[in-house]
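So the structure is just underneath, and the comments pick up after that.
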Amino acid sequence: MPETVHGGSAAAVANEPPLRATLDPLGEALMEAAGEAKAALALADPVTAVHELRKAFKRLRALLRLVRRETSGREDAVTARALRRQLGEGARRLSGARDIAARREAMDDLVAKGLLTPALRRTAGRALLGKGQEAGDAGLATHREELAALIAASEDAASRLNGSNTIPRLLRVMAEEYTLARKLGRKAHPDEPESLHDLRKAVVAHRYQMALVTTAWPAVGRVWEVELQRLREKLGKFQDLAVLLEPLAQEVPEGHAAPGWSAPLAEAARARQLKLVASALRLHARLFAEKPGAFRRRLAAYFDPVSVRE
């Protein structure tokens, strides 16, 4: 860390992030996301830590997608792309723990919706989750130093990339990201899980990117964030069910019978998926009804400052 930060002594700021008054909306969001990742890594419960850390990494990656060569220059684009790739690799190293949590949450959701009995959930849980697999360090101990270094690199990137985009350039890229999520939603199909997985990733990115709009017009931005989060959760539950179905799709060894809980669990999971997809695509159609050009003009209007008295 440098000896001084914006004119202050190093000792005074040793444990503090750079002064945020100097950051633009993207730099501010990147620094905030890095802070969320740091807080997640410090959590005592490893399962919660993994969940929150992966969420913070997704936010960082979504924001870094807004830094492109044509709008921010080659050097900044290379920096953003490299860090985005590293964050993705870091998240994948923790995916095993997340898969266990996803299966648990998917079965709990099926019970809550009345599609699975508590008794069958307990039996399936013992078989699919395994004894003791819902605890443990979730892989954090092995990768803690590496993850801490990634978080530090993200904080550094927030400062380095600050000012790399003007508002018009930022809105241009946000409109392109909106276009991608819009197209993927129109192509998504319930019988093609991969298409829904791609849509979910695009929606997650768009949801975090649209949070930048909240800084320009909080009252409207928060409403938009809430609805995008609803869409994200529907698609996320679908994905959790897909993770739950993976071991059920494996062939039963010759001479063995499938366990009694397997068929009813698979049936319940697929029925829930169909409802989630139908609901998600209806919500997507509402959120992405605008043509990209109109979307971009609307966002530009949000960033046009007006007096409260006016």
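For the reader, a short list of remarks on this structure follows.
- Of the criteria (1) part of a loop (DSSP other than H, G, I, E, B); (2) among the polar types (S, T, N, Q); (3) modelled with pLDDT of 95 or more, which one Gln250 fails: (3)
- In region 91-108, the residues that are more than 12 Å from His51 (Cα to Cα) and crowded, with 20+ Cβ neighbours inside 10 Å: Arg103, Ala106, Met107
- The set of residues in region 25-68 being within 18 Å of Glu89 (Cβ to Cβ) and touching a Pro at 6+ places or on another chain (Cβ under 9 Å) consists of Ala34 alone.
- Taking the criterion of being in a helix (DSSP H, G or I), among the charged types (D, E, K, R) and either free of Cβ contacts under 8 Å to residues at least 12 places away in the same chain or closer than 26 Å to Asp24 by Cβ (or both), the residues of region 188-216 that qualify are Glu194, Lys201, Arg207.
- Yes/no for Ala148 being within 20 Å of the chain's Cα centre (by Cα), at pLDDT 95 or above, of a type in the set (A, V, I, L, M, F, W, C) and within 30 Å of Leu26 (Cβ to Cβ): yes
- Candidates Leu150, Leu128 - the one that is assigned to a helix (DSSP H, G or I), among the hydrophobic types (A, V, I, L, M, F, W, C), surrounded by 14 or more Cβ atoms within 10 Å (Cβ to Cβ) and in contact with a Pro (Cβ under 8 Å, 6 or more places away or on another chain): Leu128
- When residues in region 112-125 are screened for being assigned to a helix (DSSP H, G or I) and in contact (Cβ under 8 Å) with a residue 24 or more places away in the chain, 3 of them pass.
- Every test in (1) modelled with pLDDT of 90 or more; (2) surrounded by fewer than 20 Cβ atoms within 10 Å (Cβ to Cβ); (3) of a type outside the set (Lys, Arg) is passed by Phe57 save one, and that test is (2).
- Annotation: of all residues in region 265-279 being surrounded by 15 or more Cβ atoms within 10 Å (Cβ to Cβ) and in contact (Cβ under 8 Å) with a residue 60 or more places away in the chain, the one that is farthest from Lys113 (Cα to Cα) is Val277.
The values are calculated or read from the model by the stated rules, or taken from the named source; none is laboratory data. Keep in mind that what you see is a predicted model, and the values were worked out from it rather than measured. Virtual Cβ from ideal backbone geometry, glycine too; neighbours counted across all protein chains shown.
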